[in-house]
1. All but one of (1) more than 13 Å from the chain's Cα centre (by Cα); (2) within 14 Å of the ligand (Cβ to nearest atom); (3) over 30 Å from GLY72 (Cα atoms) hold for SER149, so report the exception by its number.
2. Are any of the residues in region 212-221 surrounded by 19 or more Cβ atoms within 10 Å (Cβ to Cβ) and free of Cβ contacts under 8 Å to residues at least 60 places away in the same chain?
3. Quick one: what pairs do we get from region 28-39, first residue among the hydroxyl-bearing types (Ser, Thr, Tyr), second more than 9 Å from the ligand (Cβ to nearest atom), C-beta under 8 Å, 6+ apart or different chains?
4. For region 53-140, which helices (runs of 4 or more DSSP H) that fit wholly inside it have 1 or more residues that are among the hydroxyl-bearing types (Ser, Thr, Tyr), modelled with pLDDT of 95 or more and within 22 Å of THR26 (Cα to Cα)?
5. For region 147-187, which positions are of a type in the set (Gly, Ala, Ser), in contact (Cβ under 8 Å) with a residue 60 or more places away in the chain and part of a helix (DSSP H, G or I)?
6. Of the residues that make up region 169-178, is at least one surrounded by fewer than 22 Cβ atoms within 10 Å (Cβ to Cβ) and either closer than 21 Å to THR55 by Cβ or not polar (S, T, N, Q) (or both)?
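The values are calculated or read from the model by the stated rules, or taken from the named source; none is laboratory data. Only a predicted model underlies this, so the values are computations on that prediction, with no experimental measurement involved. All Cβ positions, glycine included, derive from the backbone under ideal geometry; neighbour counts span all protein chains shown.
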Amino acid sequence: MTGASTGIGLEIALNLARAGYKLALTSRDTARLESVIADQDFAGVTTIPIELELTSEASIDNAIATATEFLGGLDVLVNNAAAALVKPAVEVTWDDWDRVVDANLKGAYFLSCRFAQHCMDAGHGGAVISIASTHGLLGFGGRTVYGTSKGGLIQMARMLAIEWADKDIRVNTVAPATVMTESRKKSLDPEARKTMLGRIPSGRFPEPADIAGAVRYLASPDAGSVTGQTLVVDGGLSVA
Ligand SMILES: NC(=O)c1ccc[n+]([C@@H]2O[C@H](COP(=O)([O-])OP(=O)(O)OC[C@H]3O[C@@H](n4cnc5c(N)ncnc54)[C@H](OP(=O)(O)O)[C@@H]3O)[C@@H](O)[C@H]2O)c1
């Protein structure tokens with residue numbers, strides 16, 4: 001799973017470890033990831049730190065090869081890592097677009113394809129779960145590039161779900177509303193935070209554990225007939 005060293009990704013990794021999954025965890029900074037792994041309780045499961053830069057095809061190929069070598073095979077891919085951007089649309093630069101869309105959409109696409117090819121070659125099914133966002137479903141100002149990348153992940157899941165259905169490779173997304181991770185606390189000023197919270201009918205931001213639980217369900221045999229879907233974890237925001 002990608003982007004495992006912080007926030008929602010770390011919580012997903014810990015949840016999957018408690019469910020008994022052996023884990024290949026990625027970060028662009030493996031030293032930092034190794035120290036996070038050492039500090040957390042991974043329930044005694046095998047945990048491999050792998051360097052991954054999602055904007056590099058070579059890095060994606062290397063991550064899949066390394067994970068396969070160390071774990072002996074792959075059943076589940078969680079596309080969690082993402083780059084964020086909050087900027088008025090007209091101020092977005094060409095490089096901003098590439099940084100965000102290349103990591104969030106292009107990287108997730110090619111990682112999903114390499115993972116699916118591995119499953120096909122090995123003759124078994126698999127599950128891809130990408131962390132999208134309510135920003136990929138609803139309109140918000142200042143987040144057009146990020147939201148476009150997340151909307152792309154949602155449509156990518158539908159398309160790949162159909163293409164790989166007969167191979168028993170399921171492809172789904174989880175779309176959280178704002179989760180107060182460290183990175184999100186930094187990017188949301190108190191006024192924006194209040195406005196965001198005011199739009200959520202449940203009156204609370206989803207917790208990382210809520211997202212991790214949704215991922216664990218979609219990875220499990222309980223979701224064996226669920227593919228091409230988006231599980232929205234937003235306290236009712238998108239249906240209010
Ligand atoms: N927090 C929210 O409010 C919220 C709401 C909805 C959806 N989401 C989504 O949930 C996921 C996790 O969110 P979070 O708040 O926990 O994010 P985060 O703290 O910003 O962590 C995202 C991770 O992605 C990795 N990453 C970024 N760019 C990368 C690149 N080019 N190549 C490889 N890895 C890269 C980084 O890991 P390294 O620095 O270790 O490489 C980073 O730790 C993301 O997909 C986010 O879009 C978050």
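1. Exception for SER149: condition (1).
2. Yes, region 212-221 contains at least one residue that is surrounded by 19 or more Cβ atoms within 10 Å (Cβ to Cβ) and free of Cβ contacts under 8 Å to residues at least 60 places away in the same chain.
3. Correct list of pairs: THR30/PRO49; THR30/ILE50.
4. On the way: elements: 57-71, 94-101, 108-122.
Output list reads 57-71, 108-122.
5. SER149, ALA157, ALA161, ALA165, SER183, SER187
6. Within region 169-178 (the criterion being surrounded by fewer than 22 Cβ atoms within 10 Å (Cβ to Cβ) and either closer than 21 Å to THR55 by Cβ or not polar (S, T, N, Q) (or both)), the answer is no, since none of the residues qualifies.
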